[in-house]
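Below is one structure; the comments refer to it alone.
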Amino acid sequence: MTAIRLGPGDFLEFNPKYGVLICHQCRYAIQKTALASHLLRHKIYRGDRQQLLSAIAKLNILEPSQVPLPSSGCPPVDALPVLTGYRCTVEGCGNLCASSKRMDHHWSEMHSMLATASSFSSRACSVRLQTFFRGTKIRYFEVSSSPPSAPSSGADLAGDSEEGGRSVINGTEASETQGSVNSASLVSTDLPKGNSGLLEIDLQTLAYFNHFTTETISTLPPDTRRCPETDWRHEFVAHALQQEWLMYGLLAISASHMCSLEEDTGMKANHQESFKQLHSMFSVMWTELTCVDLEVAPQTGIMEAGWRVSCILQCFCWTLVEPRVWGVHGTDPTPPDEMECGLTVIRNFLATKFLSGHDNSPTRSDAISTGERSSSTSPPGNTPPSTVLSQLRAIPFRLAVLCDKPQSLRDGNTTLTAAAILDDCCHDSFASDGIDVPWHGMMSWLAQVPDQFNTLISKHNPAALLILAYWVAVLVRRAEQCGCWILKGAARKLLALIADGLPPDASKVRSLVKDLNT
């Protein structure tokens, strides 16, 4: 199959064997969605650009995920740079990385049982690598050591050989996927000398960044521990433009937001796939960062933003997964870890891991035990629906009718205290229809319930689970309905898990929880 050359000076080459269009000046393949902007970068304007795009449209250019990878050890593909990289020597693995650092990450994740007993030279061997694409679409393949027509080194990928790159296991993308969305690329306006392609960002990446700054950022949950003047959302973009790992988090949040908004099944799947790749990038780099001594880590504000991003992404991930079916209700209850996992990803927003000395989390007030309202009581005329209030105020009666006598006076007082706090937080939640107030009402209950109540939940105490179900049905659902998209589906899922987690003899409580989920 003969290659087809196009454009001024034949700087574009279509390789029919792999279905890719390679730019000889930039030395990588161009995605179909980035063709117009790429031609503009090479100063091909108006009529000439349209004519060239029409010619390119007749070619069978494949999407990056559809491009077949060359067989291992094949001759280098012309016009692509050849990099020095590494191949994992574990039998049956064959993972390819462009740097020793990435290979170390691979070993710590996939071969941790063997890592302590091996030197790097026994874990990986040096090989020659190429990749058709850059950015989040990098997929390495091994080539022979014969000199390519255009010799180059890893430096030509502008850091991809050290930090970026998509690891490949037997020709497929690995979970440690690494891209090259560089913060400098997003803010710089000058093209590098020689049109080396350092600023090549696909349109999807730009769309995610634009969507985040114009739409997503105003929908993110607030930090209830800090005053509005220091709201982390106001600082996030500035931090992300300085920290590459945080930029991956920003893009992952944007992709997850677009996924939650999209109704078309195909587009939704595309956003979800992008989210998984970007989230993987953020997770690997964030985990590495949090393992180092905090004295040498980025400043507190940046680390706190990273923690908030991690909480948001974990919450969205949890809502994506459908609850598992554990057999007949009451005979094979849901393991506590699945229900507790959902509570943990929400509770994590209350943590102060990197916000030393600034813990303003709402705590249980003495006013609750005396029935007095907190200072945040909703204004006159803006109260919860009467049906909701009736449900909450009937909780003590339902506990007495549906649940067995508490094992101790402490357990009984604990459940009643949690119910009283729920009534207060419900009033707070309905004070406004924006995102911040319902979110605060939901989180406030978690922060104020006694530790003993959380212990009862972990033991699947029916009375505690019933109150938890009311919290989900009223406050979690309220936050979800007011635009907190990271909780989309969380109420339905949590209620299903609570119902499944009730003991066999709590059939009446289970029936009530199911009713709350309709």
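A few comments on the model shown:
- Output for segment 82-98, where each listed residue is buried (at least 22 other Cβ atoms within 10 Å of the Cβ), out of contact with any Phe, Trp or Tyr (no Cβ under 7 Å at 6 or more places or on another chain) and in a loop (DSSP other than H, G, I, E, B): 82, 95
- Yes/no for residue 289 being outside the structural domain of residue 136 (by TED's automatic domain parsing) and either at pLDDT below 80 or on the phi > 0 side of the Ramachandran plot (or both): yes
- Any hit, segment 246-260, residues being without any contact (Cβ under 8 Å) to a residue 40 or more places away in the chain, within 17 Å of residue 211 (Cβ to Cβ) and either assigned by TED's automatic domain parsing to the domain that holds residue 310 or crowded, with 24+ Cβ neighbours inside 10 Å (or both): yes
- Filter pass, residue 76 being crowded, with 17+ Cβ neighbours inside 10 Å, part of a loop (DSSP other than H, G, I, E, B) and over 35 Å from the mean Cα position of the chain (by Cα): yes
- Scanning segment 42-70 for residues that are without any contact (Cβ under 8 Å) to a residue 24 or more places away in the chain and assigned to a loop (DSSP other than H, G, I, E, B) turns up 43, 45, 58.
- Scanning segment 482-518 for residues that are polar (S, T, N, Q), touching a residue at least 12 places away in the same chain (Cβ under 8 Å) and surrounded by fewer than 16 Cβ atoms within 10 Å (Cβ to Cβ) yields a single hit, 507.
- Hits in segment 1-19 - residues which are among the aliphatic types (A, V, I, L, M) and touching a Leu at 6+ places or on another chain (Cβ under 9 Å): 4, 6, 12
- One residue stands out in segment 109-144 among those that are of a type in the set (Val, Ile, Thr) and closer than 27 Å to residue 278 by Cβ: the one that is modelled with the highest pLDDT, namely 131.
- Odd one out for residue 464 among (1) of a type in the set (Gly, Ala, Ser); (2) touching a helix residue (DSSP H, G or I) at 6+ places or on another chain (Cβ under 8 Å); (3) modelled with pLDDT of 90 or more; (4) more than 22 Å from residue 406 (Cα to Cα): (4)
The values are calculated or read from the model by the stated rules, or taken from the named source; none is laboratory data. The structure presented is a predicted model; accordingly, all values stated were derived computationally and were not measured. Using ideal geometry, Cβ is built from the backbone for each residue, glycine included, and neighbour counts are taken over all protein chains shown.
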